[in-house]
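> Below is one structure. I have some questions about it.
The values are calculated or read from the model by the stated rules, or taken from the named source; none is laboratory data. Source: prediction; values computed, not measured. Cβ: placed from backbone, ideal geometry, glycine included. Neighbour counts: every protein chain shown. Surface areas here come from the heavy atoms of the whole protein model, side chains and all, with no ligands, DNA or RNA. Shrake-Rupley method; radii C 1.70, N 1.55, O 1.52, S 1.80 Å.
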Amino acid sequence: MKVIKFGGSSLASATQLEKVLNIVKSDPERRFVVVSAPGKRNDEDTKVTDALIKYYKHYIKGADVKADQEWIINRYQAMVDELGFKSKEMVKIAKAITDLATLPIEDNDFLHDTFLAAGEDNNAKLIAEYFRNNDIEARYVHPREAGILVSSEPGNARILPGSYDKLEELRESDEVLIIPGFFGVTSDNQICTFSRGGSDITGSIVAAGVKADLYENFTDVDGIFAAHPGVVYEPHSIPELTYKEMRELAYAGFSVLHDEALLPAYRGKIPLVIKNTNNPDHPGTRIILEHQGATVPVVGIASDDKFVSINMSKYLMNREVGFGRKVLQILEDLNIRWEHMPSGIDDLSIIIRERELTPIKEQEILSYLTRELGVDEVEIEHGLSILVIVGENMRDHIGVTATAAKALSEKNINLEMISQGSSEVSVMFVIETEQEKEAVRALYDAFFRSNN
Ligand code: ASP
């Protein structure tokens, strides 16, 4: 049995909903359908979730919300009209949207989330009705009924472990269940959403809960590309990735799937496939626990900018007990997360994301390192990017780093740092952001376009 999740662009218009219907109909294993709110129909359009945010802001300010309500209701109504069926749900949907503006504003930590969740919730009701009109025994299931219990963290809910047992009971249903994504219910019965884009998380939770054989995540691309299509000309879609590889790629900027969505499916050992609603025959990208048999050493090339390196050196640093701990202590005291820590005999660099720093924090770090730790030299280097080549099978191949370094040197790209974890899932290079795009192209050519 399969859990299938459709993103907002797959549900943006009647044409898209027809595709979704056909996809669900074409495979009786597709028993659990998790849906996002309607997304954009074109570049100028507004996502229903964003329209709900606007509506919320007007409501708490005491402004007139009529236009907001009408826009959102019309968005659903337009789909019904285009699909050409008589909807009984539409009256309830219109009421649900209007009734949001009767909820208490004071002392209501979950008001924002309740507004936002209405996008997926009403879409799920509408889709269930549309399916029923087209010979699918479909039923809308609220996350409360499904048992999606979450922590009380507005806008950033976490699933509570007890949810999975209740979710498993859904396996017994003979109907196709339509579950709104993006939110769950707290122990106080409040609506609480995951972070933005969180319908992917719901899909993954449902897949783990019902112990699905497959979690299909339908979006508007043919899977995960081996490099960013905005940088590399027509990169190929990766046929198969492991969860570890996906995690590495996501860390360095690949964003097809919500970051937190992998965990429930990974823990539940559920394979995941990313597919294209507009091209459902394309096999997409499968994300699995382990590669079976031999595959290529490198599966993808990722890069991300806005990194900073704190570089320090001190003569005989390696002999000083506790030096590293003291450096990390100052970061902890300033509440700074660090990412990587490449080192030499007498030097140490700490790589962090630029957003972790402020000019004041920079000054505090510099003065602590010079005054308290007596380093000989210290500098904070901005404008850095990380470049990551990913592939679990590089462990069994010699020369992967050599191929990368050769390709980069031929383009005159200076490698500021190199780091490879002991699990050998990836090799990371730190380079100047100015050279990032050229570096990605050079690596893509070296690993995928030549006969290496
Ligand atoms: N509708 C929500 C958002 O736009 C969640 C989602 O689509 O996954 O963030």
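> Would you mind calculating the relative contact order of the range 222-269 from Cα pairs under 8 angstrom and at least 6 residues apart, reporting the percent as a whole number?
So the answer I get is 28 percent.
> For the range 146-259, with only Lys/Arg (+1) and Asp/Glu (-1) charged at the beta-carbon, what is the dipole magnitude about the Cα centre, in debye rounded to 20? Mind showing how you got there, number by number?
On the way: 7 positive and 18 negative charges, 83 e Å.
Around 400 debye, computed over the range 146-259.
> Go from 0 up to the bin containing the longest alpha carbon distance in the chain, width 20 Å each, and give me the % of pairs per bin.
Whole-percent P(r) values from 0 Å outward: 23, 47, 27, 3.
> Please give the contour-minus-distance gain from residue 381 to residue 64: 0.36 nm per residue of separation, less the Cα-Cα distance, rounded to one decimal in nm. Intermediate results must be reported in sequence, preceding the final value.
Values: separation 317, 0.36 × 317 = 114.12 nm, distance 4.94 nm.
Net length gain for the segment: 109.2 nm.
> Taking residue 66 as the anchor, which aspartates and glutamates have their alpha carbon closer than 14 Å to its alpha carbon, excluding any fewer than eight residues away along the same chain?
99
> Residue 241's amide H: which non-local residues (gap 5+, or another chain) put their own amide H closer than 5 Å, with H modeled 1.01 Å from N in plane and none for Pro or chain starts?
286, 287, 288
> Place a +1 charge on the Cβ of each Lys and Arg in the chain and a -1 charge on the Cβ of each Asp and Glu, then give the dipole magnitude about the Cα centre in debye, rounded to the nearest 20.
Details: 49 positive and 72 negative charges, 184 e Å.
Roughly 880 debye, rounded to the nearest 20.
> Could you check the simple spin-label distance between residue 29 and residue 81, using points 7 Å along Cα→Cβ, in nm with one decimal?
Label-label distance for residue 29 and residue 81, simple model: 4.0 nm.
> On average, how much accessible surface per residue is there in the range 56-111, in Å², for a 1.4 Å probe, leaving out ligands, DNA and RNA? Please list the in-between numbers first.
Numbers: 3480 Å² over 56 residues.
Averaged over the residues of the range 56-111, the accessible area is 62 Å².
> Provide the net charge surrounding residue 425, with neighbours chosen by a C-beta distance below 9 Å and charges set as Lys +1, Arg +1, Asp -1, Glu -1.
On the way: positive: 244, 247, 395; negative: 245, 248, 392, 424.
Cβ neighbours under 9 Å give a net charge of -1.
> I've got another one for you. Find, to one decimal place in angstroms, the Kirkwood hydrodynamic radius of the range 300-364, where the mean of 1/r is taken over every pair of different Cα atoms and then inverted. Write down the numbers at each step before the final one.
Details: mean 1/r = 0.0772 Å⁻¹.
After inverting the mean inverse Cα-Cα distance, the result is 13.0 Å.
> Same structure, new question: Sort largest first and round to whole Å: the equivalent ellipsoid semi-axes of the range 315-452, each the square root of five times a Cα gyration tensor eigenvalue.
On the way: eigenvalues 208, 57, 35 Å².
Working from the Cα gyration tensor, I get semi-axes of 32, 17, 13 Å.
> What pairs from 275/411; 54/125; 19/437; 361/437 go past 28 Å between their alpha carbons? Each step should come with its number before you reach the end.
Numbers: 275/411 35 Å; 54/125 22 Å; 19/437 36 Å; 361/437 30 Å.
With Cα atoms farther than 28 Å apart: 275/411; 19/437; 361/437.
> Looking at the range 307-356, which trypsin sites (Lys or Arg not before Pro) are in a loop (DSSP not H, G, I, E or B) and have at most 12 other Cβ atoms within 10 Å? Intermediate results must be reported in sequence, preceding the final value.
Details: sites: 314, 319, 325, 326, 337, 353, 355; in loops: 314, 337.
Within the range 307-356, the qualifying trypsin sites (Lys or Arg not before Pro) (loop, at most 12 other Cβ atoms within 10 Å) are 337.
> Turning to a different aspect of this structure: On a 0 to 90° scale, report how tilted helix 48-61 is relative to the longest principal axis of the chain, with both axes built from alpha carbons and the result rounded to the nearest 10.
Rounded to the nearest ten degrees, it is 80.
> Using amide H atoms built in the peptide plane, which far-off residues or other-chain residues are under 5 Å from residue 300 H to H?
Correct list: 390.
> OK, next. Rounded to the nearest angstrom and ordered from largest down, what semi-axes does the equivalent ellipsoid of the range 113-157 get from its C-alpha gyration tensor (root of 5λ)? Intermediate results must be reported in sequence, preceding the final value.
Numbers: eigenvalues 131, 30, 5 Å².
Equivalent ellipsoid semi-axes, largest first: 26, 12, 5 Å.
> Once amide H atoms are placed 1.01 Å from N in the peptide plane, what residues at a sequence separation of 5 or more from residue 340, or on another chain, have their amide H within under 5 Å of its amide H?
Residues meeting the criterion, in which the H sits 1.01 Å from N, are 351.
> In whole Å, what are the extents of the range 323-396 along the principal axes defined by its C-alpha atoms, from largest to smallest?
46, 29, 20
> Moving on to the next point. Two-decimal Rg/Rh of the range 281-324 from alpha-carbon positions, Kirkwood Rh? Can you show the working numbers first?
On the way: Rg = 21.2 Å, Rh = 16.5 Å.
My calculation of the ratio gives 1.28.
> Count charges around residue 112 for me, please; just the other residues with Cβ under 14 Å from its Cβ, Lys/Arg as +1, Asp/Glu as -1. It would help to have the intermediate numbers written out before the result.
Values: positive: 54, 57, 61, 196; negative: 50, 106, 107, 109, 113, 153.
Result for the neighbourhood of residue 112: -2.
> Using all C-alpha to C-alpha distances in the range 186-302, build P(r) with 5 Å bins and read off the rounded percent in each one.
2, 12, 20, 24, 21, 12, 5, 3, 2, 1, 0
> Just to confirm the number: angle between the C-alpha axis of helix 14-25 and the first principal axis of the chain, 0 to 90 degrees, nearest 10?
Orientation of helix 14-25: about 90 degrees from the principal axis.
> Still on this structure: Residue by residue, what Karplus-based ³J(HN,Hα) values in Hz, rounded to whole numbers, does the range 221-229 have, using 6.51, -1.76 and 1.60 with θ = phi - 60° and x for Gly and Pro?
Listing the rounded values in order: 10, 7, x, 9, 7, 6, 7, 5, x Hz.
> Grab the beta carbon distance between residue 313 and residue 88, set R0 = 60 Å, and tell me the FRET efficiency rounded to 0.05. Provide the component values of the computation, followed by the final result.
Values: r = 72 Å, r/R0 = 1.21.
Efficiency at R0 = 60 Å is approximately 0.25.
> To continue, here is another question. Can you figure out the FRET efficiency of residue 139 with residue 406, using R₀ = 60 Å and their beta-carbon distance, to the nearest 0.05? If you can, show how the numbers build up before the last one.
Details: r = 58 Å, r/R0 = 0.97.
Calculated value: 0.55.
> Taking the Cα-to-Cβ direction at residue 156 and at residue 371 and moving 7 Å from each Cα, how far apart do the two end points lie in nm?
Roughly 3.1 nm, to one decimal.
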